[in-house]
Amino acid sequence: MKVILCNDYEEMSEKAARMVADVMRQKPDAVLGLATGSTPEGMYSRLVAMNRAGELDFSGVTTVNLDEYYPISPENDQSYRYFMNTHLFDHVNIDKTRTFVPDGMASDPEAACAAYEETLRQVGQVDIQILGIGQNGHIGFNEPAEALEVPTHVTALTESTIKANARFFASESDVPTHALTMGMGTILRAKSILIMANGQAKQAAVRTMLEGKLTTGCPASLLNLHADVTLLCDRAALGQ
Ligand code: GLP
């Protein structure tokens with residue numbers, strides 16, 4: 001794993017945006033694997049600025065998101081579809097029919113996961129997968145467990161993730177208990193992976209991931225199996 005230490009959140013966001021922009025310039029019909037959470041917000045605002053300045057074209061791009069709460073409506077301002085619309089899609093010249101997020105309203109969530117895998121197969125390999133990391137080492141919503149799932153699947157959120165994400169909801173009891181998420185196998189199929197981490201709360205997870213061993217207790221550690229992963233982080237997340 002290549003580690004790039006950044007001085008602060010701004011530098012991390014700037015570098016991440018530049019890496020995504022480079023992929024898009026080399027391949028105007030790139031497939032971007034996108035993540036939500038507070039970590040990539042700065043990257044998205046820079047991508048929007050580049051698009052507005054006429055420096056970056058989203059017209060040929062396809063996007064696939066990692067995960068979505070379940071159940072949740074796309075109109076709910078805490079849904080990941082809403083997040084993507086408000087942080088990126090509504091502000092750039094992207095074809096919204098080429099933006100995919102797992103269906104948080106599906107009546108049959110298992111079938112929605114299978115359909116999402118089919119969509120992923122149809123759009124082709126993800127050129128760059130953006131990831132954040134949970135305080136407990138989760139990626140997407142692949143939570144620490146004795147065994148991890150390979151394809152897109154329905155998962156129950158852990159108590160610690162519900163607590164960590166409660167800050168975005170009116171109360172902890174409003175956080176959905178489940179999610180649909182790409183599995184570890186889905187994520188590892190990407191051509192390249194860019195994972196971002198900032199702040200001390202991420203330190204334990206980042207350190208375990210960087211030990212280079214594989215453990216299902218820290219799903220992010222499985223990224224050590226991939227040949228092209230870049231970690232962009234600040235000193236607090238690295239523990240330096
Ligand atoms: C959420 C998301 C992840 C995200 C992580 C960290 O639960 N499912 O995709 O990377 O938690 O979030 P944040 O960036 O807000 O710390």
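Can you tell me the equivalent ellipsoid semi-axes for the range 2-233? Use √(5λ) from the Cα gyration tensor, largest first, whole Å.
24, 21, 18
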| remark: Whole-Hz Karplus couplings 3J(HN,Hα) for the range 193-210, θ = phi - 60° and coefficients 6.51, -1.76, 1.60, Gly and Pro as x, run 10, 10, 10, 10, 8, 9, x, 5, 4, 9, 4, 4, 5, 5, 5, 4, 4, 7
| task | Mind putting a number on the dipole of the chain about its Cα centre? Charges go on the C-beta only, +1 for Lys and Arg and -1 for Asp and Glu, and I need it in Debye to the nearest 20. | result | 720 debye
| Counting only DSSP beta bridges with both residues in the range 2-233, what percent are antiparallel, rounded to the nearest 5? | 30 percent
| query | Gap in Å between the Cα centre of the range 135-191 and the Cα centre of the range 21-82? | reply | 19 Å
| query | Roughly speaking, to the nearest percent, how much of the range 2-233's 1.4 Å accessible area is carbon and sulfur? | reply | 50 percent
| Vicinal HN-Hα couplings computed from phi for the range 108-120 (Karplus, 6.51 cos²θ - 1.76 cosθ + 1.60; Hz; Gly/Pro x) | 10, x, 5, 5, 5, 5, 5, 5, 5, 4, 5, 4, 4
| said: For a 29 Å ceiling on Cα separation, which of these pairs sit above it: 15/191; 27/202; 15/213? | reply: 27/202
| query | Going from most exposed to least, what order do 163, 202, 96 have by accessible area with a 1.4 Å probe? | reply | 163, 96, 202
| Sparse-neighbourhood loop sites, GluC sites (Glu not before Pro) in the range 140-240 - DSSP loop, at most 15 other Cβ within 10 angstrom | 146, 211
| said: Quick one: 3J(HN,Hα) in Hz for the range 178-185, Karplus 6.51/-1.76/1.60 with θ = phi - 60°, rounded, Gly and Pro as x. | reply: 10, 8, 9, 9, 4, x, 5, x
| request: Collect residues whose amide H, placed 1.01 Å from N in the peptide plane, falls under 5 Å from the amide H of residue 34; neighbours closer than 5 in sequence don't count. | output: 64, 65, 66, 130
| remark: Note to self: with every protein chain in place and a 1.4 Å probe, the chain gives an accessible area per residue in Å² of 43 Å²
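The values are calculated or read from the model by the stated rules, or taken from the named source; none is laboratory data. None of these values were measured; they are calculated from a predicted model. Glycine gets a Cβ as well: all are built from the backbone with ideal geometry, and neighbour counts include every protein chain shown. These area figures cover heavy atoms from the full protein model, side chains too; ligands, DNA and RNA do not enter into them. Shrake-Rupley method; radii C 1.70, N 1.55, O 1.52, S 1.80 Å.
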